[in-house]
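The structure follows.
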Amino acid sequence: MLDPAIATAATSSAASDRPSLPSGFDNLEAALKHFYGYETFRPGQKDIIQAALDNRDSLVIMPTGGGKSLCFQLPALLKPGLMVVVSPLIALMQDQVEQLQRNGIAATFLNSSLSGVEARSRQNDLLDGKIKLLYVAPERLLNQNFLPFLDEINESLGLSAFAIDEAHCLSEWGHDFRPEYRQLSQIRQRYPYTPCLALTATATERVREDICQQLQLRDPFINVSSFNRTNLYYEVVPKARGSVNDLLKLVRKQEGGSGIIYCLSRKRVEETAEMLKLNGISALPYHAGLSDKIRAENQRRFIRDDVQVMVATVAFGMGINKPDVRFVIHYDLPRNIEGYYQESGRAGRDNDPARCTLFFNPGDIKRIEWIIDQKVDPQTGDPLEQEQRIARQQLRQVVDYAESSSCRRTIQLGYFGESFTENCGQCDNCVNPPPVEDWTIEAQKFLSCVARCKERFGMAHIIDVLRGSKKQRVKQLGHDELSTHGIGKDKTADQWRLLGRSLLHQNLLTETQDGYPVLQLNEASWTVLRKQRDVFVAIPKRLEEDEPVVSGTRVEIEQLFERLRKLRKQIADEQGVAPYIVFSDSSLRLMAKQRPQDLNAFGKISGVGSHKLEQYGDRFTIAIRQYCEDMGFTTAPETTTAPITPAKTRRPQVTNTHLQTLALFHEGYSPQDISEHRQIKPDTVFNHLALLIEHERILSLEGLLTSESYDEIVQALTAGPASLSLVWERLDKRYEYHDIKLARAFQRQQAKQSDVINF
Ligand code: ADP
Ligand code: ZN
C-alpha cells in the first residue's frame, strides 16, 4: 500500500540545485525547456532526475500520466554514455522513440520488428555514439548475441544507466507478470557499476519490495507519488431509460475531444458504436471478437484522431499511450475499483482536464453476478469458490463507490491505502452534493414489509408487495393478504429500489451473500421501525441540463483551438504520425489563449522545445496571425494570465494590404470609401487604420475622430480594464467599437513617443 511518509521523506531530502550540469545547462529547468519545451517539473521528477545524475539506483512509483518517462530520459541526455531502457511492449517502445525523435533527441529501439539490415545500421549508430537512449525488450537484452555488443559499448562509451519501465512485470504479485523480466537480475551481475532505475504505476507494497529485491537495488532513492489524478473529474450518473440521450449529451459536450466508452460485452460495444454513428458521432468498436487486423486498424484510427470515440470492452487500452483522451465513460459497471482506476485513468494523461463518467444502474449488478457465477474450473466444472468470493467482494466495493454520496476521490484513493479527506472539488459529490430527503416513513414501510415477508425474500419481491402487485407468485404466497401489500403505490419501483439500496448502504438492512440475496433486518433496522431514528436518502441527479454561459473570449479560444487542431492533424497526416506527437492539447490550448504571432512568443509556449519551434513554428504562427487578421485583433488577448510578451513582439507588422489602405487614406478617401474601393469590410479598414496609427504611419486622427471624442474615449480606456467591450459599456455604448480601436491606437502611439522623449 502507498506510504505517504516515504513520498514526503523523499521530497524533503531533495538534492539542492547543483552549480552546473555535466552538459553545460545552467540548471535542470533550462535543460527541460530546451529538450521538451516545458517550464516546470511535475512533482517528484526533479529529485528523481537529480538522484539519477548522482548515479543512484531508484525506484519510481507514479500513477499513469505522472511523467515517468522524463525521469530517465532527461538524465540520459545529460549524462555521458548510453542509457538502456527495458520496455515490455513493442508499441510502447515505438511510441516513445517517435516522441523523442520529434523533440530532436537521439533515441532508437531494437526489437524483433526490424530487418537484419535495419538492426545492423542502428547498431553502428550506437557504436558511433550517435544515440543517447536505446529501447529494448528484455528478451533481446539477455540474448547471448546482444550482451557482447553491450559489453563493447560499455567499454567504449559507457552505460549511463538501465531504466526498467513497467517494472511490476518482474513481480508475480503484479497484475502483469512476465517471466523474461525475472532474468533482468543477470544484468545487475554483469554490470555491477551501472545504476538502475525501476519505474511502475503499480502501488502495492508487495510489488514494491519484490522489485527492490529482484533488481538488487542498492540503497535506492524511492519516490512514491500520490495516486491522486487532480486533472480528472469523476462522476456517477444514473442509467435508466433515456440514458442514451445522456450519453450523447456527454460526448457532444466534448466538442470533438477523444474519448473511450467501455461496455461489458461485445454485443453492447457493437450496439453502442452503431447508436453513436447513427447520431452523427464518429465511433469505432474494439473487442476480442474482431480480427487482429481490424482491431489494430481501429486503434490506429483512434490514435490518429481519424475517429473521435472508441467503444470497447476492457480488452482495449493496455499499452495505449494516447495522452489526449478527454473522457472515459463506463457505460456498464466495472468489475472492481482497481480496474476502474486504471481504465478511467487512461483519460487526461497529458494532465489537461478530463472527465470520467460511470453510468450506474443497480440492475447491472445482477448481470455481473451472473458472470461471476459462471466462473468454474474448466476441468472439473466445479465452481471456483475462492475466485467467486473475491469477485463478489470487489463488485460490492464498486457498487458502494457508485452509490456513495461522499467524495469519489476519497473512496478511490482509500482503496490504494492513501488517505484523502478534503473536499476534492473535482467530483460530482463535492461540486454538487446530491440533495438529501427525509424518507423515514417510507423506510418504515419498507422494513416492516421485509418483516411481514419473514425475511425470506429479495428486493424485487418486497417492492412487488409494497406496490400491491397481483402477480401469481405474490398471490400463491398469500402476500396479497399482508398489511403491507399496496401501502407503497405512491412511489415507483425505481424509487423503492433507491431506498432499499440506500438502507443497505447505511447498514439499516442486510442482504445475504450466499447465492440468492435475501433481505434481512438487523439491530439498526429495528431502531427505524421503533421510530428511534430518521432515515435520509441522497437523491441522484440526472446530468445537469444547464450549459455554462460561454463568454466571448471563451468562444474565440475555442475557435482558434479548432483551427490549430485542424492544422495539427494536417501536419500529423503529412508525416504519418499521431497528432499528439506534433503538439499536445495543452500546448494548442495555450496557443489559442495567448495567440503568439511570432517565433519568439511561440517558443515560450509550454511544450514548444527548440526542435519543435524550428519544425512547426512558422506554420502555427502563420495560422494564428491569419486568425487574428480575420477577427480584426491587433493585440494579444487581454485576459491572458500568462506572462505578457512585450508589445513589440506581439503586434502584427504592417504589410502590403495595410499600405494599400494607407495610400487611399492619404489621397483623402474616407474609411467607407476605402472599404468600397478595395472591396473589403469596413471593420477590416478600421483595423488597418488602427495598426497604421500604432506604427506611426498615420500621425493624427484628423478625419477619423474629433478631439473631444478622443479625450472622452481615452478617459474610459484608462478608467479600468481596457477590453473593448468593457470600454464600450463604460461609454454607455455611444461610440462604435472602431472608434475605440482608433483612439486606443493613437493613445499607444502617443505613449510610445513620450517614452522616447523622456528617455
Ligand atoms: P507515464 O509514463 O508516467 O504514464 P508519461 O511519461 O507518458 O507518463 O507523461 C505523460 C505526459 O505528461 C506526456 O505527454 C509528457 O510529455 C507530459 N509531461 C511529463 N513531464 C512534464 C512536465 N514536467 N511538464 C509538462 N508535461 C509533462
Ligand atoms: Zn470529491
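Applying the selection to the stretch 225-247, what residues are under 17 Å from the mean Cα position of the chain (by Cα), open to solvent by 20 Å² or more (accessible area, probe 1.4 Å) and not hydroxyl-bearing (Ser, Thr, Tyr)?
Matches in the stretch 225-247: 228 only.
Looking at the stretch 683-759, what helices (runs of 4 or more DSSP H) fall wholly within it and have at least 2 residues that are modelled with pLDDT of 85 or more and open to solvent by less than 30 Å² (accessible area, probe 1.4 Å)?
On the way: elements: 707-718, 724-730, 737-758.
Those helices (runs of 4 or more DSSP H) span 707-718, 737-758.
Looking at the structure I just gave you, is residue 315 touching a residue at least 60 places away in the same chain (Cβ under 8 Å) and of a type in the set (Gly, Ala, Ser)?
So residue 315 fails the test.
Consider only pairs whose beta carbons are under 7 Å apart and that are at least six residues apart or on different chains; among these, list those whose first residue lies in the stretch 386-413 and is assigned to a helix (DSSP H, G or I) and whose second residue is among the small types (Gly, Ala, Ser).
Hits for this filter: 411/404.
Follow-up. Which residue, of 445, 454, 375, is more than 16 Å from ligand 2 (Cβ to nearest atom), in contact with a helix residue (DSSP H, G or I) (Cβ under 8 Å, 6 or more places away or on another chain) and open to solvent by 60 Å² or more (accessible area, probe 1.4 Å)?
Details: 445 fails: open to solvent by 60 Å² or more (accessible area, probe 1.4 Å); 454 fails: in contact with a helix residue (DSSP H, G or I) (Cβ under 8 Å, 6 or more places away or on another chain).
None of the others qualify; the one that does is 375.
Another question, then. Which one is modelled with the highest pLDDT among residues in the stretch 6-49 that are assigned to a loop (DSSP other than H, G, I, E, B), open to solvent by less than 50 Å² (accessible area, probe 1.4 Å) and more than 13 Å from ligand 1 (Cβ to nearest atom)? Write out each step before concluding.
Filtering the stretch 6-49 for residues assigned to a loop (DSSP other than H, G, I, E, B) gives 13-27, 37-44.
Keeping just the survivors that are open to solvent by less than 50 Å² (accessible area, probe 1.4 Å) gives 14-15, 21, 25, 37, 41, 44.
Keeping just the survivors that are more than 13 Å from ligand 1 (Cβ to nearest atom) gives 14-15, 21, 25.
Numbers: 14: 40, 15: 41, 21: 62, 25: 83.
Per the criteria, the residue is 25.
Same structure again: What number of residues within the stretch 68-113 satisfy the criterion of being within 12 Å of ligand 1 (Cβ to nearest atom) and assigned to a helix (DSSP H, G or I)?
Qualifying residue count, the stretch 68-113: 13.
Within the stretch 632-653, does at least one residue satisfy the condition of being at pLDDT 90 or above, outside any loop (DSSP other than H, G, I, E, B) and touching a Lys or Arg at 6+ places or on another chain (Cβ under 9 Å)?
No: zero hits.
Let me spell it out: the conditions are (1) within 14 Å of ligand 1 (Cβ to nearest atom); (2) under 30 Å from residue 418 (Cβ atoms); (3) surrounded by 22 or more Cβ atoms within 10 Å (Cβ to Cβ), and residue 52 meets all of them except one. Which number is the exception?
Among (1) within 14 Å of ligand 1 (Cβ to nearest atom); (2) under 30 Å from residue 418 (Cβ atoms); (3) surrounded by 22 or more Cβ atoms within 10 Å (Cβ to Cβ), the lone unmet condition for residue 52 is (1).
Which of (1) under 17 Å from residue 342 (Cβ atoms); (2) touching a Gly at 6+ places or on another chain (Cβ under 6 Å) does residue 200 not meet, given it meets every other one?
(2)
Let me ask something additional. Would you check if there is a residue in the stretch 419-433 being among the acidic types (Asp, Glu) and open to solvent by less than 20 Å² (accessible area, probe 1.4 Å)?
Scanning the stretch 419-433 turns up at least one residue that is among the acidic types (Asp, Glu) and open to solvent by less than 20 Å² (accessible area, probe 1.4 Å).
So, of the residues in the stretch 434-472 that are free of Cβ contacts under 8 Å to residues at least 24 places away in the same chain, farther than 18 Å from residue 497 by Cβ and basic (Lys, Arg), which turns out to be farthest from ligand 1 (Cβ to nearest atom)?
The qualifying residue farthest from ligand 1 (Cβ to nearest atom) is 470.
Going by the structure shown, is residue 517 open to solvent by less than 40 Å² (accessible area, probe 1.4 Å), within 16 Å of ligand 2 (Cβ to nearest atom) and either modelled with pLDDT under 90 or not in a helix (DSSP H, G or I) (or both)? Before the answer, list the steps.
Working: open to solvent by less than 40 Å² (accessible area, probe 1.4 Å): yes; within 16 Å of ligand 2 (Cβ to nearest atom): no; either modelled with pLDDT under 90 or not in a helix (DSSP H, G or I) (or both): yes.
Taking the combined requirement at face value, the residue does not satisfy it.
Something else now. Looking only at the stretch 535-550, how many residues end up being within 24 Å of the chain's Cα centre (by Cα) and either open to solvent by less than 80 Å² (accessible area, probe 1.4 Å) or at pLDDT 90 or above (or both)?
Count: 2.
Pairs under 7 Å by beta carbon, first residue in contact (Cβ under 8 Å) with a residue 24 or more places away in the chain and among the β-branched types (Val, Ile, Thr) in the stretch 592-608, partner open to solvent by less than 10 Å² (accessible area, probe 1.4 Å) and in a loop (DSSP other than H, G, I, E, B), six or more apart or different chains?
605/596; 608/37
Tell me whether the stretch 335-342 contains one or more residues that are away from ligand 2 (no atom under 16 Å from the Cβ), closer than 30 Å to residue 94 by Cα and not charged (D, E, K, R).
Here is the first cut: in the stretch 335-342, the residues away from ligand 2 (no atom under 16 Å from the Cβ) are 335-336, 338-339, 342.
Now drop any that are not closer than 30 Å to residue 94 by Cα, which leaves 338-339, 342.
Remaining after also requiring not charged (D, E, K, R): 339, 342.
Yes, the stretch 335-342 contains a residue that is away from ligand 2 (no atom under 16 Å from the Cβ), closer than 30 Å to residue 94 by Cα and not charged (D, E, K, R).
Look at residue 658 and say whether it is in the same structural domain as residue 739 (by TED's automatic domain parsing), surrounded by 15 or more Cβ atoms within 10 Å (Cβ to Cβ), farther than 27 Å from residue 324 by Cβ and at pLDDT below 85.
Values: in the same structural domain as residue 739 (by TED's automatic domain parsing): yes; surrounded by 15 or more Cβ atoms within 10 Å (Cβ to Cβ): yes; farther than 27 Å from residue 324 by Cβ: yes; at pLDDT below 85: yes.
Taking the combined requirement at face value, the residue satisfies it.
So, one more: What are the pairs, 6+ residues apart or on separate chains, where a residue within the stretch 414-433 that is closer than 19 Å to residue 397 by Cβ has its Cβ under 6 Å from a residue that is within 16 Å of ligand 1 (Cβ to nearest atom)?
Once the first residue is closer than 19 Å to residue 397 by Cβ and sits in the stretch 414-433, its partners that are within 16 Å of ligand 1 (Cβ to nearest atom) give 416/2; 416/203; 416/227; 417/2; 418/2; 418/227.
Still on this structure, please answer the following. Can you find a residue in the stretch 334-348 that is among the hydroxyl-bearing types (Ser, Thr, Tyr) and surrounded by fewer than 19 Cβ atoms within 10 Å (Cβ to Cβ)?
No, the stretch 334-348 has no match at all.
Can you name the residue in the stretch 589-631 that is farther than 23 Å from residue 574 by Cα and among the acidic types (Asp, Glu) and is also modelled with the lowest pLDDT among such residues?
630
So, residue 68, is that one within 19 Å of the chain's Cα centre (by Cα) and at pLDDT 90 or above or not? Step through it out loud before you land on a result.
On the way: within 19 Å of the chain's Cα centre (by Cα): yes; at pLDDT 90 or above: yes.
The answer is yes for residue 68.
Let me ask something additional. Given the conditions (1) at pLDDT 90 or above; (2) more than 22 Å from residue 321 (Cβ to Cβ); (3) crowded, with 23+ Cβ neighbours inside 10 Å, which single one is not true for residue 262?
Every listed condition holds for residue 262 apart from (2).
Applying the selection to the stretch 223-239, what residues are assigned to a loop (DSSP other than H, G, I, E, B) and within 24 Å of residue 44 (Cα to Cα)?
225, 226, 227, 228, 229, 230, 231, listed by residue number.
Could you check the stretch 570-622 and list, in sequence order, the residues that are open to solvent by less than 30 Å² (accessible area, probe 1.4 Å), farther than 23 Å from residue 302 by Cβ and either in the same structural domain as residue 104 (by TED's automatic domain parsing) or among the hydrophobic types (A, V, I, L, M, F, W, C) (or both)?
591, 592, 601, 602, 605, 608, 620
Within the bounds of the stretch 386-404, is there any residue that is within 16 Å of ligand 2 (Cβ to nearest atom), modelled with pLDDT under 90, charged (D, E, K, R) and open to solvent by 50 Å² or more (accessible area, probe 1.4 Å)?
Within the stretch 386-404, one or more residues are within 16 Å of ligand 2 (Cβ to nearest atom), modelled with pLDDT under 90, charged (D, E, K, R) and open to solvent by 50 Å² or more (accessible area, probe 1.4 Å).
Please find, within the stretch 189-224, the residue that is farthest from ligand 2 (Cβ to nearest atom) out of those that are open to solvent by 20 Å² or more (accessible area, probe 1.4 Å) and among the polar types (S, T, N, Q).
189
Answer yes or no as to whether residue 587 is part of a helix (DSSP H, G or I) and more than 14 Å from residue 566 (Cβ to Cβ).
When the stated conditions are applied, residue 587 passes them.
The values are calculated or read from the model by the stated rules, or taken from the named source; none is laboratory data. Bear in mind the structure is a predicted one, so any value in this text is a computation, not a measurement. We place every Cβ from the backbone using ideal geometry, glycine too, and count neighbours over all the protein chains shown. Surface areas here come from the heavy atoms of the whole protein model, side chains and all, with no ligands, DNA or RNA. Shrake-Rupley method; radii C 1.70, N 1.55, O 1.52, S 1.80 Å.
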